[in-house]
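These notes concern the structure reproduced below.
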């Protein structure tokens with residue numbers, strides 16, 4: 001668990017066994033970790049921002065604005081690359097939502 005926290009700077013509370021969750025609760029109570037109730041961690045938000053807009057990164061792909069405002073490339077290979085990136089992001093978002101729904105149903109039981 002600590003290795004995960006060190007590597008990713010985030011933990012998904014409900015993906016851990018009750019013993020680990022007790023340790024996480026202690027770290028929260030001691031102020032060692034912060035709690036956020038969001039679908040995406042800060043790192044995941046940064047990842048999405050890099051690909052979809054220029055909110056944080058000036059060198060990002062800015063795919064959302066590129067296609068929303070019609071400034072996309074006419075090159076078929078560039079469009080194919082952009083499509084592949086968007087498809088990857090779409091799949092990652094769906095997997096994240098699925099994980100959240102599974103965890104939500106686990107909390108209820």
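Sorted by packing (mean other beta-carbon atoms within 10 Å per residue), highest first, where do 69-76, 96-103 land? Numbers along the way, then the final one.
Numbers: 69-76: 9.2, 96-103: 12.5.
Highest to lowest by the protection proxy: 96-103, 69-76.
Using only the alpha-carbon atoms, how far is helix 42-52 inclined from the longest principal axis of the chain? Give it as 0 to 90 degrees, nearest 10.
Orientation of helix 42-52: about 10 degrees from the principal axis.
For region 11-61, what mean projected area does the convex hull of the alpha carbons give, in nm²?
Value for region 11-61: 4.4 nm².
How would 63, 95 line up from fewest to most surrounding beta-carbon atoms within 10 angstrom?
So the ranking, lowest neighbour count to highest, is 95, 63.
If I compute Rg and Dmax of the Cα atoms in Å from the structure I just sent, which labelled value in (i) 24.4, 84; (ii) 19.5, 72; (iii) 17.9, 55 lines up?
(iii)
Values quoted throughout were computed directly from the atomic coordinates according to the rules given, and no laboratory measurement underlies them. All values derive from a computational prediction rather than experimental measurement. A quick note on method: Cβ atoms are made from the backbone with ideal geometry, for glycine too, and the neighbour counts reach across all protein chains shown.
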